[in-house]
Structure formats: structure tokens, C-alpha cells
Amino acid sequence: MPRALIFKEYGGPEHSAVADVAKPSPGAGQLLVAVKAAGVNPVDWKTREGLLRDFRPLDLPAVLGREASGLVEAVGPGVTGFAPGDEVFGATADAGFSEYALLDAEASAPKPAGLSFAAAATLPICGVTAYNAVAHVHPEAGDVVVVTGAAGGVGVVVVQLLHDRGVRVIGTASEPKHAFVEKLGAEPVAYGEGVRERIEALAPAGVTAIIDTVGGDALRDVAPLLADGSRLVTVADPTAAGEFGGSMVSRHRPTTTLIELADLVVRGALDPNITATYPLERAADALAEVQTGHVTGKVVITVP
Ligand SMILES: NC(=O)c1ccc[n+]([C@@H]2O[C@H](COP(=O)([O-])OP(=O)(O)OC[C@H]3O[C@@H](n4cnc5c(N)ncnc54)[C@H](OP(=O)(O)O)[C@@H]3O)[C@@H](O)[C@H]2O)c1
């Protein structure tokens, strides 16, 4: 039987373990994929803790994981454009920390040969969220964009996409990560008390947009830098963003965006910065690393 990281009850990591599960069968619009890699996101531990159970109730035990790459084994009714044997990556229909997963065909794309399975697995949720956040602020020449959480999974992609458009980027991160953030193409600034003054000193003419990947005080501390919230977008905290007239990022995940992101990685214009990989049998450790809230770049689970 396939192995997967399951959790039996909502709560801490003690409720999860790698166990045998039934092989899923693809429903309408789904791909059954033999997983090669899966991206780990904060939403995974938030799901296990039950923080999302009101929006997305699950039948337990359940498997975690929202983005994955692998080989198509079968396609469900109504799926066109994919066939068994294809190398693909996409958003999972249910779960990805497993030897076999169901992908949503409409949020999946063929994996180019020059893109690793690990890098591909970071794009469907983390990469697309970053892409949508950048699209929201419509960056153009002359912009000065503040990115909170510039060293995290979403932040590293946001910074590189903005840098690629020739925009000036100021990224908040803890001091040990400043050299890393600078390499991505942003001017690093320490977050916490005085962050607004530090940004004002760097950009005395003002900032023109904010992309927030942290929420809470990290967002509230910088939001007053903008006169209004029309170019303030968050991927993490719609409540705090709303206090300043800002918006939550769109959840739209079309195949065209995946293809565009994959092309950027293949061309060397984007690096998801995978800083840790864990074999499936150690998936719980991968989740624990992300749950610290202080990962650098991206954590990925691989299936041998
Ligand atoms: N809406 C969506 O579709 C979507 C998709 C993906 C993610 N998200 C959400 O977006 C958020 C970020 O996700 P992620 O994958 O980027 O998380 P992550 O990889 O865990 O990154 C967290 C980053 O935040 C930084 N950080 C922590 N506290 C901070 C603070 N007070 N100020 C500035 N930076 C701080 C950390 O850097 P330091 O170590 O330097 O503190 C770390 O690099 C999460 O809430 C996640 O649930 C939403």
C-alpha cells in the first residue's frame, strides 16, 4: 500500500505519522500522480492543527500537502491534455505528502525537462501565490515595493519577480538573513520596532506598494507607509490588510501561470531557493521546520 503522512486528530504533531493508505482513484477533472516531490507550506500545519476546519472540514484520518509534482498514472473523467507517463506538477485535489496523490488538472501543468521535480513542487501554491500578489500591485518602472517576510517561501519568489521587472524592492527579514535577501535582489531591513523609520531612511521619497507575507504587526508596522491601500496586498492576513484598505491575494491558479513560472525557473530568472529536503518517511520533520515560522526559502518532501 502507498505510504503517506496522515493525521488522525486535529492538534499537534503527535497526531500525525507516516502510514499505509489506500491508493486514491481520480475523479472528474483529476490526475492520479506517482509523487516525486511535494512543497511544504504553513497551510499544512495550520490544517493539521484544525485552524481551517470551519472553511475546509476533513474526514479524519486525512493526508496533508497542497502542491506536488510527479508522473501521471491515470486521468479522471473529462481530463484532456494529460496522459499516463506525463511528468506534471500542480495543486493537489486532496493531499500531496504521499506516494500517490490526486492533482486538480485545471491547476496542473506539464513539467518541462529542465525543471527538477523538487522545484516544480514549489510552484503550484507558493509560486502562484507570489505571482498573484505581484500581479495585484501591477509593478512598473519607478516603483518602490516593500515585501514583508522577504526570506520566506512566498517572499523569495515575490522579491525575484519584482526584481525581474526592474522594480526597487525593500524586504523585511531578521538580520541573519539580510545577505540572503540582498542576493535575491532586495534591500534588506530588520523588522520590529523602528521598521517604518528604517524604510523611510532608505526611501525618503516614499514607497509605492506593499506585498505582505507575514500579517499581524509585521504588516501593521509598515502599512502606514502608503497613503491608501489600493496597492497593498497580503497573502497571510486579510483582516490586518483590510484595516488599511488593502486586499487578500487572489486564489486563481490557472495552468498558464504555472507554465510561465516554470519557464522563469528553467531560464534561471527565478529560483525557489529550496533550503531543505526531507524524504517522505520524515515528512513530519519537514512540517515541524515550516511551523517554526522562520524557514529560509522553501522546504520540500521527496519520494524516492
Ligand atoms: N493565500 C495563499 O494562497 C497562501 C499561499 C502560500 C502561503 N500563504 C500564507 O503566507 C504566509 C507566508 O507563507 P510562506 O510559505 O512564505 O511562509 P514561510 O516560508 O514559513 O516564511 C516565513 C518567513 O516569515 C519571516 N518572518 C517571521 N516573522 C516575521 C516578521 N515579524 N516580520 C517579517 N518577517 C517575518 C521569516 O523570516 P525570519 O526568520 O527572518 O523571521 C520567514 O522567512 C503564511 O501565513 C501562509 O499561510 C498563503
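The values are calculated or read from the model by the stated rules, or taken from the named source; none is laboratory data. Because the structure is predicted, anything quoted here is derived from the model rather than measured. Every residue, glycine as well, gets a Cβ built from its backbone with ideal geometry; the counts of neighbours run over all protein chains shown. For accessibility, only protein heavy atoms count, side chains too; no ligands or nucleic acids. Shrake-Rupley method; radii C 1.70, N 1.55, O 1.52, S 1.80 Å.
Per residue, how many Å² of accessible area does region 129-248 show with a 1.4 Å probe?
That works out to 41 Å² for each residue.
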Exercise for the section: For region 129-248, with all protein chains present and a 1.4 Å probe, just round the carbon and sulfur fraction of the accessible area to a whole percent. Expected result: 51 percent
Practice task
Can you tell me the dipole magnitude for region 62-187 around its Cα centre, using point charges on the Cβ only (Lys, Arg +1; Asp, Glu -1), in Debye to the nearest 20?
Solution key: 280 debye
Completion exercise
With the chain reduced to its Cα atoms and the Debye formula applied, log10 I(q)/I(0) at q = 0.14, 0.16 1/Å amounts to -1.00, -1.25
Problem - For region 129-248, Kirkwood radius (reciprocal of mean inverse C-alpha pair distance, Å) - result: 13.5 Å
Practice task
Which order do the peptides 26-37, 174-185 take when ranked by the mean count of other beta-carbon atoms within 10 Å per residue, highest first?
Solution key: 26-37, 174-185
Practice task
Please report how far the C-alpha centroid of region 237-304 lies from that of region 60-106, rounded to the nearest whole angstrom.
Solution key: 17 Å
Exercise for the section: As a check on your grasp of the helix formula, calculate [θ] at 222 nm for the chain: sum -39500 (n - 2.57) over DSSP H runs of n ≥ 4, divide by the residue count, round to the nearest 500. Expected result: -7000 deg cm²/dmol
Problem - Inter-centroid distance (Cα atoms) of region 135-196 relative to region 110-128, Å - result: 22 Å
Completion exercise
Non-local residues with an amide H under 5 Å from the amide H of residue 278, with H modelled 1.01 Å from N and Pro and chain starts lacking one, are 300, 301, 302
Handout entry: Debye, to nearest 20: dipole size of region 191-248, +1 on Lys, Arg Cβ, -1 on Asp, Glu Cβ
Key = 160 debye
Exercise for the section: May I ask which residue of 252, 216, 290 lies farthest towards the positive end of the charge dipole of region 189-300, with charges of +1 (Lys, Arg) and -1 (Asp, Glu) on Cβ and the Cα centre as origin? Expected result: 252
Handout entry: Heavy-atom accessible surface of region 3-75: percent carbon and sulfur, 1.4 Å
Key = 53 percent
Handout entry: Straight-distance crosslink candidates among lysines, where the alpha carbon sits under 26 Å from residue 46 and sequence neighbours closer than 8 are dropped
Key = 8, 23, 36, 177, 298
Exercise for the section: Let me know the charge dipole size of the chain about its Cα centre in debye, to the nearest 20, where only the beta-carbon of Lys, Arg (+1) and Asp, Glu (-1) is charged. Expected result: 320 debye
Exercise for the section: Can you tell me the order of 138-151, 248-261 when each peptide is scored by its average per-residue count of other Cβ atoms within 10 angstrom, highest first? Expected result: 138-151, 248-261
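May I ask for the Kirkwood hydrodynamic radius of region 67-161, worked out over all distinct Cα pairs and given in angstroms to one decimal?
Its Kirkwood hydrodynamic radius stands at 14.7 Å.
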Problem - Kyte-Doolittle mean at least 0.5 and Cα axial length at least 20 Å: DSSP H helices in the chain - result: none
Problem - Equivalent ellipsoid semi-axes - Cα gyration tensor, region 22-122, angstrom - result: 22, 16, 11
Fill in the blank from the handout: Taking placed amide H atoms and a strict 5 Å upper bound, the residues 5 or more places from residue 170 or on another chain that come that close are 145, 146, 147, 187
Exercise for the section: With θ set to phi - 60°, apply the Karplus curve 6.51 cos²θ - 1.76 cosθ + 1.60 along region 55-60 and write out the HN-Hα couplings as whole Hz, x wherever there is a Gly or Pro. Expected result: 8, 9, x, 10, 7, 9
Exercise for the section: Normalising by the residue count of the chain, find the relative contact order in percent from Cα pairs under 8 Å and 6+ residues apart. Expected result: 19 percent
